[in-house]
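So the structure is just underneath, and the comments pick up after that.
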Amino acid sequence: MASPFLTPLDLAQFIRQAGIAADLIPMAVDTPTAPAAAAALGVTRAQIIKSLLFEIHGALLMVISAGDVQVDRRALAARLGVGKKQIKLAASETVLRCLGYPVGGVPPFGHATRVPILLDRSVAREEVIYGGGGDDRTMLRLTPAELQRATAGVWVDLTAALPMPEEMP
């Protein structure tokens, strides 16, 4: 019986049909987090993008940021004109049901349900970036310009740098 959810094969088909300049990279290890993905690919956390789904008053919004920064909910709330407490990270069940992909493998496009997308400027610092490729053993490689073209996302400033492990107490 076929899965009701999307897979890297569905994402590959979407990429081909939409004419997106991106490659899927099968991985030998799980890459569900930015640090794990960076280590497996041999790149920096700044080159890994996170596709985060937020719920605001029942509406969905995706924010794509680099793996070495954290989305500042105060900045997001100010941009949207709502209170910080009204912005919630979507539950994994919501992500799977609405986007069609599991947390840890969510790509920046090709979702089951189209949602508005904000692109944090942290993503544009690198020439090549890597994101979820449909599951936690597939990565997606593309450029920030192609990400913006493919998602029609709006560039914004929503993040603060995360302390790197060597900076943590």
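The values are calculated or read from the model by the stated rules, or taken from the named source; none is laboratory data. Quick caveat: nothing in here was measured; it's all calculated off a predicted structure. Virtual Cβ from ideal backbone geometry, glycine too; neighbours counted across all protein chains shown. Ligands, DNA and RNA are stripped out before the accessible areas are found, and what is left, the full protein with its side chains, is counted by its heavy atoms. Shrake-Rupley method; radii C 1.70, N 1.55, O 1.52, S 1.80 Å.
Do we find that Ile48 is touching a strand residue (DSSP E or B) at 6+ places or on another chain (Cβ under 6 Å) and surrounded by 18 or more Cβ atoms within 10 Å (Cβ to Cβ) in this structure? Outline the logic, then answer.
Values: touching a strand residue (DSSP E or B) at 6+ places or on another chain (Cβ under 6 Å): yes; surrounded by 18 or more Cβ atoms within 10 Å (Cβ to Cβ): yes.
Taking the combined requirement at face value, the residue satisfies it.
Would you tally the residues in segment 102-114 being surrounded by 17 or more Cβ atoms within 10 Å (Cβ to Cβ) and over 11 Å from the mean Cα position of the chain (by Cα)?
Step one: of segment 102-114, the residues surrounded by 17 or more Cβ atoms within 10 Å (Cβ to Cβ) are 102-111.
So of that shortlist, the ones also over 11 Å from the mean Cα position of the chain (by Cα) come out as 102, 110-111.
Summing the residues that are surrounded by 17 or more Cβ atoms within 10 Å (Cβ to Cβ) and over 11 Å from the mean Cα position of the chain (by Cα) in segment 102-114 gives 3.
If you take the residues of segment 84-101 that are more than 26 Å from Pro144 (Cα to Cα) and in contact with a helix residue (DSSP H, G or I) (Cβ under 8 Å, 6 or more places away or on another chain), which of them is least open to solvent (accessible area, probe 1.4 Å)?
Gln86
Out of the residues in segment 1-35 meeting the condition of being part of a loop (DSSP other than H, G, I, E, B) and of a type in the set (Val, Ile, Thr), tell me which one is surrounded by the most Cβ atoms within 10 Å (Cβ to Cβ). Give the steps one after another, and end with the answer.
From segment 1-35, those part of a loop (DSSP other than H, G, I, E, B) are 1-7, 19-22, 27-33; that's our starting set.
Narrowing the set further to residues that are of a type in the set (Val, Ile, Thr) leaves 7, 20, 29, 31, 33.
Details: Thr7: 17, Ile20: 19, Val29: 10, Thr31: 26, Thr33: 15.
The selected residue is Thr31.
Identify, by number, the condition in (1) within 23 Å of Val156 (Cα to Cα); (2) at pLDDT below 95; (3) not hydrophobic (A, V, I, L, M, F, W, C) that Lys88 doesn't meet.
Here Lys88 clears every test but (2).
Sort out which residues of segment 51-83 are in a loop (DSSP other than H, G, I, E, B), open to solvent by 30 Å² or more (accessible area, probe 1.4 Å) and touching a residue at least 60 places away in the same chain (Cβ under 8 Å), and write them in order of number. Reasoning before the result, please.
Initial filter on segment 51-83 (in a loop (DSSP other than H, G, I, E, B)): 57-58, 67-68, 72, 81-83.
With the extra rule that they be open to solvent by 30 Å² or more (accessible area, probe 1.4 Å), the set shrinks to 57-58, 72, 81-83.
Across segment 51-83, the qualifying residue is only Asp72.
Looking at Leu142, Leu162, which one is modelled with pLDDT of 95 or more and either more than 14 Å from the chain's Cα centre (by Cα) or surrounded by 20 or more Cβ atoms within 10 Å (Cβ to Cβ) (or both)?
Working: Leu162 fails: modelled with pLDDT of 95 or more.
After applying the criteria, what remains is Leu142.
Could you list all residues from segment 113-135 that are in a strand (DSSP E or B), closer than 14 Å to Ala38 by Cα and of a type outside the set (A, V, I, L, M, F, W, C)?
So the first thing to find is which residues in segment 113-135 are in a strand (DSSP E or B), and the list is 117-120, 129-132.
Then keep just the ones that are closer than 14 Å to Ala38 by Cα; that gives 129-132.
Scanning segment 113-135 gives Tyr130, Gly131, Gly132.
For a quick check of your reading of the model, give me the residue pairs whose first member lies in segment 21-35 and is touching a residue at least 60 places away in the same chain (Cβ under 8 Å) and under 15 Å from Ile129 (Cα atoms), whose second is surrounded by 13 or more Cβ atoms within 10 Å (Cβ to Cβ) and of a type in the set (Asp, Glu), with beta-carbon atoms closer than 6 Å and at least 6 apart or on different chains.
Partner pairs satisfying both residue conditions: Ala21/Glu146; Thr31/Asp136.
I'm told Gly81 meets every condition in (1) farther than 24 Å from Gln47 by Cα; (2) touching a helix residue (DSSP H, G or I) at 6+ places or on another chain (Cβ under 7 Å) except one. Can you identify the failing condition by its number?
It fails just one condition, (2).
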